[in-house]
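I have placed the structure first, in the form of structure tokens, so that the comments after it can refer back to it.
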Amino acid sequence: MNKFMVLVVEDDKLIQNLMTTTLDLHNYRYLTASTASDALMQITSHNPDVIFLDLGLPDMDGVDLIRKIRTWSVTPIIVISARSEDTDKIEALDAGADDYLTKPFSVDELLARLRVTQRRLSSQQGMPSHIFENGDLKVDFAAGTAFMNGEELTLTPIEYKLLCLFCKNVGKTLTHTYLTDAIWGNTLESDLASLRVFMASLRKKMEKDTTHPQYIQTRIGVGYRMNRL
């Protein structure tokens, strides 16, 4: 049995059963909750490794629950919701969700998202806190340097700060608002334009083919995400 523990927060019993059956078949341990209050109790009592969260809960909106959890926990949260508008995805991601899967979903995609999160957590546990490695990329946070294929990248301060944000959130979609707030402290139209310029420059220095980036991919209308290679 996989030691990885998943908390499924879903009030629709048919979907909850689909998810738990899938987890059971693939040897994941799991807990379930049908309300926000149940979810909070399970999180504090059992400290799951990842949370699958439906936004339409009967006692609290899922986005508010994400904000509440994020006041004291960094447990990865994968939203699974029928809300498919970009604004809904952005709101959940800005609140602190790590990923967003829209209903209806395939069990293969559900498991793929879970494996990505699992690899990210494993890699964070297995390396020194000041060193990040992903494919041919290596970042030494203590020294403030980044390397690709062993060659040091010449980055501007903003490019380096952006790169660090992605490295520390690998596998997680970072919204435009999150990035502009982190870099400039606000989200003006001019900042969004500047972000696109800096992202293009950073990719040019990192990627072999900027038209098909491997490391940092665009989530259209939402933001950017660094893949685990």
Name the residues in the range 78-90 that are among the charged types (D, E, K, R) and in contact with a Ser or Thr (Cβ under 9 Å, 6 or more places away or on another chain), would you?
Arg83, Asp88, Lys89
Condition (residue is out of contact with any Ser or Thr (no Cβ under 9 Å at 6 or more places or on another chain) and either in contact (Cβ under 8 Å) with a residue 40 or more places away in the chain or assigned to a loop (DSSP other than H, G, I, E, B) (or both)) applied to the range 105-112: is it met by at least one residue?
yes
So in the range 123-170, with the set limited to residues that are modelled with pLDDT of 90 or more, more than 17 Å from Ala182 (Cβ to Cβ) and among the β-branched types (Val, Ile, Thr), which one is surrounded by the fewest Cβ atoms within 10 Å (Cβ to Cβ)?
Thr154
Going through the range 199-216 one residue at a time, which ones are touching a Ser or Thr at 6+ places or on another chain (Cβ under 8 Å) and surrounded by fewer than 17 Cβ atoms within 10 Å (Cβ to Cβ)?
Ala200, Ser201, Lys204, Lys205
Looking at (1) more than 17 Å from the chain's Cα centre (by Cα); (2) surrounded by fewer than 17 Cβ atoms within 10 Å (Cβ to Cβ); (3) within 23 Å of Tyr100 (Cβ to Cβ), which is the one condition that is false for Trp184?
(3)
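The values are calculated or read from the model by the stated rules, or taken from the named source; none is laboratory data. Owing to the predicted nature of the structure, the values given are computational and were not obtained by experimental measurement. Cβ sites come from the backbone with ideal geometry, for glycine too, and all protein chains shown count toward neighbours.
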